[in-house]
Amino acid sequence: MAIIAEYIWTDGFEPTRTLRSKTKIIPELSADADVTIDDMPGWQFDGSSTNQAEGNASDCLLQPMFMVPDSIRGPGSYLVLCEVFNADGTPHATNSRAKLRAVLEQGGEASDSWFGYEQEYTLYEGSRPLGFPSERRYPAAQGPYYCGVGADQVYGRDLVEFHLEACLDSGISIVGINAEVMPGQWEYQIGGPNAGPLLASDHLWLSRWLLYRIGEDLGVAATLDPKPVPGDWNGAGMHTNFSTAAMRAPGGISAVHAAADKMADHIDAHLAAYGAGYEMRLTGHHETCRYDEYKWGVSDRTASVRIPALVAKNECGYLEDRRPNANADPYDVAAVLLKTTLDLH
Ligand code: ADP
Ligand code: MN
Ligand code: MN
Ligand code: MN
């Protein structure tokens, strides 16, 4: 039997790239055989429909880069993450994964770096977040929902559990889940120990695809809007936890401090990679530091960069950049963190 491959890529939408995918049946490959990414043929798509090309020269190329078993379709099927190339074989301007690869090709400490992303998101039914009463009324103020339990506290756990199972079955490095501070808002964590920047970012993009895909079956839309409800409601972020081998080694706290200090000189470069709408979320309220200020601190959730209390105590570990939005592109986030802290270009 042939294999079924879902080719997945990011489009050219401004200001936020979104996911696209289409299905390829590959009769030359058997569902019973061991297939690898090298067996996956290139493909193309209509770039004029994704803001990646003009209609009179519309073909963009899809190059498979990473794949996992497709836990939704089951045995003999795969989710195939692709990079987008121009017809002449150069990386497309929207190909942020190629830009991260170029940073990693400079070698050095970047090759031992680990990334852990905390992906927050908000579930919607129609035009309202799950758990919000219809029309113009609002639920009771924030407080009980974070890590809550019970039908009057958390909303959408069926989707959350299906998503967890799908990620695990596909071999995606999901390491945790929690309900967030606004009704209908959730978080899951991807990567962490032993997850390099490309792997963690590839896993994150595939986990997002699975989240949307599972939502289709339940009639619930997951969104990565960084400030889905204005006013006194937390926004949605993608805290990024980052370490190098030097930070993780005994006494590595000095390398953690050095990295946090370097980031003070590159505020704009970091914000440019942290997702559209960060001004709305990074207000200085709701567990954020204002976007145009920069400070780091131990255990400080009002800082741009937090050093977890246990890291301070152990005098080694990692740091958390709290600024990336839920809608940030993890390839861009990883690239700027590596460039700033390791003096790469
Ligand atoms: P919090 O909500 O308290 O900020 P989470 O538990 O949600 O923390 O997320 C912490 C993340 O940090 C996890 O994804 C974990 O895998 C990751 N992490 C732990 N150690 C490291 C490390 N040395 N380098 C990079 N990421 C790490
Ligand atoms: Mn978290
Ligand atoms: Mn959170
Ligand atoms: Mn966090």
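All of the numbers you see were taken from the coordinates with simple rules; none came from a lab. Note that this is a predicted model, so its numbers are computed, not measured. FYI the Cβ positions are ideal-geometry reconstructions off the backbone, even for glycines, and counts take in every protein chain you see.
As a proxy for reagent exposure, Val333, Val160 were ordered by neighbouring Cβ count within 10 angstrom, fewest first; the result is Val160, Val333. Put the Cα centre of the stretch 147-192 next to the Cα centre of the stretch 6-75 and the gap is 27 Å.
Report the Rg/Rh value for the stretch 46-196, based on alpha-carbon coordinates and the Kirkwood definition of Rh.
Rounded to two decimals, Rg over Rh is 1.06.
Taking other Cβ atoms within 10 Å as a rough exposure proxy, Asp321, Asp39, Asp152 sort from fewest to most as Asp152, Asp39, Asp321. Which number gives the lysine pairs in the chain that have C-alpha atoms under 27 Å apart and are eight or more places apart or on different chains? For the chain, qualifying lysine pairs total 10. Rg and Dmax, both from the Cα atoms of the chain and both in Å, are 20.3, 60. Think of each Lys and Arg Cβ as +1 and each Asp and Glu Cβ as -1; about the Cα centre, that makes the dipole of the stretch 62-181 roughly 320 debye. Kindly identify the stretch 9-122 as rounded, prolate or oblate by the Cα gyration tensor criterion: order the square roots of the eigenvalues as a ≥ b ≥ c, call it rounded if a/c is under 1.5, otherwise compare a/b with b/c, prolate if a/b is larger, else oblate. Here the stretch 9-122 falls in the rounded category. By the compact-protein rule of thumb, 2.2 N^0.38 Å, the alpha-carbon radius of gyration of the stretch 138-202 corresponds to a ratio of 1.30. Across the stretch 320-336, coupling constants 3J(HN,Hα) worked out from phi with the 6.51/-1.76/1.60 Karplus curve, θ = phi - 60°, read 10, 8, 8, 7, x, 6, 4, 8, 6, 8, x, 5, 5, 5, 4, 4, 6 Hz, and Gly and Pro carry x. Dividing the summed helix terms, -39500 (n - 2.57) for each DSSP H run of n ≥ 4, by the number of residues in the chain produces a 222 nm estimate of -7500 deg cm²/dmol to the nearest 500. For the pair Ala102 and Thr23, label points projected 7 Å from Cα toward Cβ lie 3.7 nm apart.
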